[in-house]
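K.L.:
Structure incoming, see below.
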Amino acid sequence: MIPALAPDGQYGYLTQQHSYGLLDGWAIKSHTLVGLLAVTAGLVLRSPLALLMLPTLVWRLTSPNPAYWDTGLHYSAVLMPLAFAALIDALRKDIRLPVVIPLAVMVLMLPAKPLGDLATPEFWRVGPREAAARAALERVPDGVGVAASNSLAPHLTDRTRTHLAVRRTFQEHPDIDWVAVDTRDPFPAGEAAAVVRWAEASGWSRVHAEGGVVVLRRQTDRP
């Protein structure tokens, strides 16, 4: 369905799956798999519902994209409901299973996950990086075409024509006249700095730079 809805009838993410991707990154992948088992104390394996997790695990583990390997992003959102459904199924079949073990593991893992950030003072403060991003985005006018970093783009989509700031974007969308990038954004790897170098070499002017966030404008005669 998704390729059918795309303007070009294609699904770009299919190109991110390669058999050789399975060979790399196991220091990170093993952490993800162990965490998936630990949060249910391994009981997930006692239910056939665990098989429903295999498609998601396969495409993540065979991808050469490191963003898919870790638990830091949202890609485990599909796995967690399935894992706990399998846990409940396993407990339903054998009430003698030690329920306290997965509960204890879950409590121990919470501080290391995003929910644990709620207990830190920094979560409730606007830090220098956030302030720099806000100041930079205020320089981007409404209604323009803009290429933005992965972390900045969501803050522009309600008022601009927003595209991901990667080099090929400028060939596919020639109406882009603004760039807003966070040079410390790790995704896509190296693209933010590369876009800044390309834009400045192409005559774009830097209108704002603070805290690693850079805004550039194309020198153009278009209205």
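The values are calculated or read from the model by the stated rules, or taken from the named source; none is laboratory data. Please read all numbers here as calculations on a predicted model, not as lab measurements. All Cβ positions, glycine included, derive from the backbone under ideal geometry; neighbour counts span all protein chains shown.
K.L.:
Can you pull out every residue in region 131-164 that is touching a residue at least 60 places away in the same chain (Cβ under 8 Å), part of a loop (DSSP other than H, G, I, E, B) and closer than 14 Å to His208 by Cα?
P.N.:
Arg139, Val140
K.L.:
Name the single residue, out of those in region 35-76 being charged (D, E, K, R) and closer than 23 Å to Asn150 by Cα, that is modelled with the lowest pLDDT.
P.N.:
Among them, the one singled out is Asp70.
K.L.:
Among all residue pairs at least 6 apart or on different chains, which show Cβ distances below 6 Å where the first residue, located in region 113-130, is among the basic types (Lys, Arg) and the second is at pLDDT 80 or above and assigned to a loop (DSSP other than H, G, I, E, B)?
P.N.:
Arg129/Gly211
K.L.:
Taking Pro141, is it surrounded by fewer than 14 Cβ atoms within 10 Å (Cβ to Cβ) and closer than 21 Å to His74 by Cβ?
P.N.:
no
K.L.:
So Ala85 fits all but one of (1) under 21 Å from the mean Cα position of the chain (by Cα); (2) touching a residue at least 24 places away in the same chain (Cβ under 8 Å); what number is the exception?
P.N.:
The single condition Ala85 does not satisfy is (1).
K.L.:
Consider Ala180 against the criteria (1) small (Gly, Ala, Ser); (2) assigned to a helix (DSSP H, G or I); (3) under 14 Å from Arg134 (Cα atoms): it satisfies all of them except one. Which criterion is unmet?
P.N.:
Going through the list (1) small (Gly, Ala, Ser); (2) assigned to a helix (DSSP H, G or I); (3) under 14 Å from Arg134 (Cα atoms), Ala180 breaks only (2).
K.L.:
Inspect region 145-162 for any residue being more than 16 Å from the chain's Cα centre (by Cα), of a type in the set (S, T, N, Q), closer than 22 Å to Ser202 by Cβ and at pLDDT 90 or above and give the result as yes or no.
P.N.:
yes
K.L.:
Select from region 164-177 the residues that are more than 18 Å from Gly190 (Cβ to Cβ) and surrounded by 17 or more Cβ atoms within 10 Å (Cβ to Cβ) and list them in ascending order.
P.N.:
Ile176, Asp177
K.L.:
Evaluate region 199-217: report whether one residue or more is out of contact with any strand residue (DSSP E or B) (no Cβ under 6 Å at 6 or more places or on another chain), loosely packed, with under 11 Cβ neighbours inside 10 Å and farther than 24 Å from His74 by Cβ.
P.N.:
Yes - at least one qualifying residue is present in region 199-217.
K.L.:
Hey, can you tell me all the residues within region 178-194 that are buried (at least 19 other Cβ atoms within 10 Å of the Cβ), small (Gly, Ala, Ser) and touching a helix residue (DSSP H, G or I) at 6+ places or on another chain (Cβ under 9 Å)?
P.N.:
The answer is Ala180, and nothing else.
K.L.:
Let me ask something additional. Quick check on region 178-201. Is at least one of its residues over 18 Å from the mean Cα position of the chain (by Cα) and at positive phi?
P.N.:
no
K.L.:
Conditions first: (1) surrounded by 16 or more Cβ atoms within 10 Å (Cβ to Cβ); (2) under 30 Å from Gly211 (Cα atoms); (3) at pLDDT below 85. Leu91 passes all but one, so which condition is the exception?
P.N.:
Answer for Leu91: the failing condition is (2).
K.L.:
State all residues of region 95-125 that are part of a loop (DSSP other than H, G, I, E, B), at pLDDT below 80 and under 24 Å from the mean Cα position of the chain (by Cα); if no residue qualifies, say none.
P.N.:
Lys113
K.L.:
For region 37-93, give me the residue count where each residue is in a loop (DSSP other than H, G, I, E, B) and over 20 Å from Leu108 (Cβ atoms).
P.N.:
The total comes to 9.
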